[in-house]
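Report on one structure; see the data block that follows.
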Amino acid sequence: MQRRRSLISLAAVGVLSMATACAGDDLPDEGAGPGAGSGSAGTVTLATQSFDEAALITAMYSGVLSNAGYDVTVKEVGRRDVYVGEMPDSVQIAPEYLGGIADFMNTTVNGVDAEPITSADADATLEAVTPLLEAQGLTLLEPSPATSQNAYFVTQEYSDAEGVTALSDLEGSSVVLAANEDCPGRADCEAGLEEVYGINVTKVLPLGFASPQTYQSVLDGESQVGQTGTLDGTLESQGLVLLEDDKGIQPAQNIIPLVSQEFLDSNGGVEPLLDDLMAALDNETLAGLIARVTVDRETPEDVADEFLAEEGLV
């Protein structure tokens, strides 16, 4: 926690000061076991994006908060701008990706032509986005060691025929891209592919991040390139190949909780719960859990519940 405290001390506004337990809405004793959640600690609404990885992480958030006594509501939202727009009033917590939320806040506040504030340096990115979040009454907690960056894939057949194993191999090519609907204009998506890699993206099909529709679009030849994440364990079994981001357009994308500061101020026990959860996740662990959802077709809730119990988080 030392790094986060040092960042917060830089802020001119006290919005991001460390949350402390306040009178009222106290959490149950930490010793409360599974099933302790009865709504006695209050209510909280979580928002999540619409793909398996986000659903799994949200189920983890929901599990630790329910176990602590909160009545949890989960809202599945396809777009970041929708749920961030509902914070902090009707949504209090959302699982986020550091570079994603930083890029979003920067372009929302400073315009689409703003100088990027993201980089591969997680600490620098966190420091840069802090004041933008403060203005909306929001804060980021401790980032997880697990990082899930955007990534792009082609079919094995296309890779073999065209000699494509890295994004730079597509330089000068014209491609249709199947991706999340927020891809156009993003430095880690359409804009980066065009400006850094010299790829002519003729069209972006808004079929979703790592969605069945995106996979199928590439497999059917409707699009040549699809968007997924670096932790996607389903590609090989589908005859798909992940392309190396050899020019590094992807910023640090540590998994990180985005939380209403007002909610934290009134619910001091929430921060350590989420910090402990983030600390328990790394890339190897999370990739294995995601594979159970995407490959083995277990439900996010079942996988999350088992993981939380094994880690002693509930």
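Extending 7 Å from the Cα toward the beta-carbon at both Glu311 and Thr73 defines two label points whose distance is 2.7 nm.
Direction-averaged projected area, Cα convex hull, the chain: 15.4 nm², rounded to one decimal. In plain terms, the chain from Ser168 to Ser50 could stretch by 39.5 nm, reckoned as 0.36 nm per residue minus the Cα-Cα distance. Beta bridges assigned by DSSP with both partners in the chain are antiparallel in approximately 50 percent of cases.
What number, in nm² with one decimal, is the all-direction average of the projected area of the convex hull of the alpha-carbon atoms of region 114-238?
Working: hull surface 35.4 nm².
It is 8.9 nm².
Sorting check: for 151-162, 288-299, which peptide has the highest mean count of neighbouring beta carbons within 10 Å, and how do the rest follow? Let's see the in-between values first.
Details: 151-162: 17.9, 288-299: 16.2.
My ranking of the peptides, most packed first, is 151-162, 288-299.
By the Stokes-Einstein formula, at 1.002 mPa s and 20 °C, region 165-241 with its Kirkwood radius over alpha-carbon pairs has D equal to 172 µm²/s.
Calculated on the Cα set of region 101-147, radius of gyration then Dmax: 10.7, 30 Å.
Among Ser66, Ser119, Ser144, Ser237, the order by Cβ neighbours within 10 angstrom, fewest to most, reads Ser237, Ser119, Ser66, Ser144.
Values quoted throughout were computed directly from the atomic coordinates according to the rules given, and no laboratory measurement underlies them. Since the structure is predicted, the reported quantities are computational estimates derived from the model, not experimental observations. Counting neighbours? That spans all protein chains shown, and the Cβs are built from the backbone with ideal geometry, glycine included.
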